[in-house]
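Nothing in this text is a laboratory measurement; each read-out follows from the coordinates by a stated rule. Predicted, not measured: the structure shown is a model, and the values here were computed from it. Don't worry about glycine lacking a Cβ; one is built from the backbone with ideal geometry, like all the others, and counts go over all protein chains shown.
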Amino acid sequence: MEQFLALPERDQEIILALPKAVSLMREKDISASAAARALWIPPRVFIDRGRSALRRLKNGQYVARSNDHLFRPVIVISNNGPVEVATRNFREASLAGQHSSAVERYLETGDDSALRRLPRNYIIDAEGNRVTLLTDLDELDRLGNRGELSFETLYVRGR
């Protein structure tokens with residue numbers, strides 16, 4: 001995260017837009033060029049910097065891989081409350097999102113079934129370290145009652 005934050009703002013914007021462009025390709029079945037233009041990234045820059053997330057077909061077109069190793073900062077609810085964690089894996093970022101959604105559901109409804117269905121209670125950060133996801137219901141209640149788990153705190157990085 002420190003290296004990322006030390007970059008010029010435009011480079012940060014491009015790095016944050018890369019996974020969004022790949023997601024657009026997956027969700028809307030659009031070309032790499034169209035996804036890049038939708039997020040104000042030059043298509044050549046998207047293809048060069050996002051190469052690990054793309055596969056080139058025989059006809060020259062690019063399609064999104066099912067998994068990628070693009071940098072993604074995510075906010076996770078750990079034993080220390082919400083923390084920003086750098087990930088380099090689509091699946092880890094997706095698990096962090098599932099956990100946040102499950103926590104939000106629990107705090108709103110009291111239903112903890114989505115928390116119990118998570119495949120594991122940790123994610124692997126960009127450096128290969130485990131970051132434990134908070135699943136203790138008493139601690140979630142405590143943080144929720146203190147306002148530390150509001151929607152705004154869990155989704156702050158939305159450039």
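For the range 79-123, there are no residues whose amide N sits under 15 Å from a probe point set 7 Å from the Cα of Asp29 along the beta carbon direction. Working note: Debye formula, equal point scatterers on the alpha-carbon atoms of the chain, no solvent; log10 I(q)/I(0) at q = 0.09, 0.12, 0.17, 0.18 Å⁻¹ is -0.34, -0.58, -1.01, -1.08. A simple rule links phi to the HN-Hα coupling: the Karplus curve 6.51 cos²θ - 1.76 cosθ + 1.60 with θ = phi - 60°, which for the range 49-62 gives 7, x, 3, 5, 9, 10, 10, 8, 7, 4, 7, x, 7, 9 Hz, with x for Gly and Pro. When you restrict to C-alpha pairs under 8 Å that are six or more residues apart and normalise by the size of the chain, the relative contact order lands at 17 percent.
Normalising by the residue count of the range 2-64, find the relative contact order in percent from Cα pairs under 8 Å and 6+ residues apart. Computed over the range 2-64, the figure is 27 percent.
For Leu54, nonlocal amide neighbours, meaning residues 5 or more places apart or on other chains whose placed amide H falls under 5 Å from its own, are Arg65. The packing ranking, built from the mean of other Cβ atoms within 10 Å per residue, places the peptides 98-106, 140-148, 54-62 in the order 98-106, 140-148, 54-62, highest first.
Label the range 2-64 by shape, choosing from rounded, prolate and oblate, from the square roots a ≥ b ≥ c of the eigenvalues of the Cα gyration tensor; if a/c is under 1.5 it is rounded, and otherwise prolate applies when a/b is larger than b/c, oblate when it is not. Prolate shape, in that a/c is at least 1.5 and a/b is the bigger ratio.
Remark on Tyr122: its backbone amide H falls under 5 Å from those of Leu133, a criterion applied only to residues 5 or more positions apart or on other chains, H modelled at 1.01 Å from N. For the range 72-154, the Kirkwood estimate of hydrodynamic radius, built from reciprocal distances between every pair of different alpha carbons, is 12.6 Å. Scanning residues 5 or more positions from Ser78 or on other chains, those with amide H under 5 Å from its amide H are Val83, Leu134, with H placed 1.01 Å from N in the peptide plane. Helix-only arithmetic for the chain: the sum of -39500 (n - 2.57) across DSSP H runs with n ≥ 4, divided by the residue total, places the mean residue ellipticity at 222 nm at -14000 deg cm²/dmol.
Positive end of the dipole of the range 28-102 (Cβ unit charges, origin at the Cα centre): among Asn80, Ala32, Leu70, the Cα lying farthest that way belongs to Ala32.
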